[in-house]
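The values are calculated or read from the model by the stated rules, or taken from the named source; none is laboratory data. Keep in mind it's a predicted model, so treat the numbers as computed, not measured. Virtual Cβ from ideal backbone geometry, glycine too; neighbours counted across all protein chains shown. Surface accessibility is based on the protein's heavy atoms, side chains included, excluding ligands, DNA and RNA. Shrake-Rupley method; radii C 1.70, N 1.55, O 1.52, S 1.80 Å.
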Amino acid sequence: VVRTQPGRQAAVMKAVQDRLYQLTPSRIIDSVSAFPATRQRIYARGRSTSLMLGALSVLLLAVTAFGVVGLTSYWVAQRRRQIGMRRALGARRMDILCYFHTENLLVAGTGAVLGVGLCMAGNLWLARSLALTRVSPGYIGIAALIVLVLSQLAVIWPALRAASIPPAIATRGL
């Protein structure tokens with residue numbers, strides 16, 4: 001590592017290379033580059049890995065959201081008569097929305113608690129077995145919170161469809 005004054009970098013890099021050859025003629029100098037270029041080359045692999053993991057995380061979150069939408073849509077289809085009956089007995093649209101959000105929060109919350117526990121145990125095992133640094137519990141908590149919020153957002157559309165079921169559905173097919 002050689003420090004230079006601004007504007008003299010190219011000349012000093014050439015002089016350093018010549019001086020190193022004078023000190024040790026058998027020296028092999030593969031390349032001479034400035035520190036910012038070296039730093040960029042070294043961190044390129046880590047940057048691309050981070051981008052790939054970020055894209056994979058977004059994809060997995062999208063699959064999770066679509067799974068929640070599909071599961072809630074199935075629940076709505078299975079309970080059309082029950083929802084119509086509740087509406088006929090005086091349940092408001094907001095009551096139906098709260099019902100599906102509460103049900104989804106219980107399912108997703110149970111999964112989040114189990115996931116956080118498994119993540120903490122796996123993180124501890126990896127840190128001990130492979131001498132890796134442990135992930136901060138704050139990051140794990142933020143990830144669980146993101147999944148919970150995502151699942152609550154994903155249940156909105158099917159819950160709105162359920163809330164729009166007219167009370168007359170309950171009397172059909174008797």
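Under a Cβ-Cβ cut-off of 11 Å, what is the net charge of the residues other than residue 35 that fall near it, where Lys and Arg count +1 and Asp and Glu count -1?
Surrounding charge for residue 35 is +3.
Highest GNM mean-square fluctuation, the chain, Cα pairs closer than 10 Å: which of 113, 155, 16?
Comparing 113, 155, 16 in the GNM, the peak value goes to 16.
Please identify, among 33, 164, 50, the residue showing maximal mean-square fluctuation in a Gaussian network model of the chain using a 10 angstrom Cα cutoff.
33
Within 10 Å of each candidate Cβ there may be at most 12 other Cβ atoms; applying that plus a DSSP loop requirement, which trypsin sites (Lys or Arg not before Pro) in segment 63-150 survive?
92, 134
Based on the Cβ-Cβ distance of residue 139 and residue 95, what FRET efficiency does E = 1/(1 + (r/R0)^6) give at R0 = 45 Å, to the nearest 0.05?
0.75
Picking from 62, 37, 108, which is most flexible by a Gaussian network model of the chain using Cα springs under 10 Å?
37
List the chymotrypsin sites (Phe, Trp or Tyr not before Pro) within segment 89-162 that DSSP assigns to loop and that have no more than 16 neighbouring Cβ atoms inside 10 Å. Intermediate values should be presented prior to the final figure.
Details: sites: 99, 100, 125, 139; in loops: none.
When the chymotrypsin sites (Phe, Trp or Tyr not before Pro) of segment 89-162 are filtered for loop state and at most 16 Cβ neighbours within 10 Å, nothing remains.
Among (1) 8, 21, 18, 14, 13, 10, 7, 5, 3, 1, 0; (2) 10, 27, 20, 14, 9, 7, 6, 4, 2, 1, 0; (3) 11, 43, 36, 11, 0, find the value of P(r) over Cα pairs in 10 Å bins from 0, in percent that was calculated from the structure presented, and write down its label.
Of the listed options (1) 8, 21, 18, 14, 13, 10, 7, 5, 3, 1, 0; (2) 10, 27, 20, 14, 9, 7, 6, 4, 2, 1, 0; (3) 11, 43, 36, 11, 0, (1) comes from this structure.
Leaving ligands, DNA and RNA out of it, rank 42, 156, 29 by accessible area with a 1.4 Å probe, largest first.
42, 156, 29
Calculate for the chain the 222 nm mean residue ellipticity that helices alone would give, adding -39,500 (n - 2.57) per DSSP H run of length 4 or more and normalising by residue count, nearest 500 deg cm²/dmol.
Roughly -26500 deg cm²/dmol at 222 nm, from the helical runs in the chain.
How far is helix 137-154 tilted off the main Cα axis of the chain, in degrees rounded to 10, range 0 to 90?
Relative to the chain, helix 137-154 is tipped by roughly 40 degrees.
Spin-label point model (7 Å from Cα, Cβ direction): what's the residue 37 to residue 64 distance in nm?
Placing both labels 7 Å beyond Cα along the Cβ direction yields 4.3 nm.
Compute the label zone of residue 20 within segment 26-47: residues whose backbone N is under 16 Å from the point 7 Å along Cα-to-Cβ.
Those under the cut-off are 26-39.
Please calculate how many Å² of accessible area segment 31-151 carries per residue, with a 1.4 Å probe and no DNA, RNA or ligand atoms counted.
72
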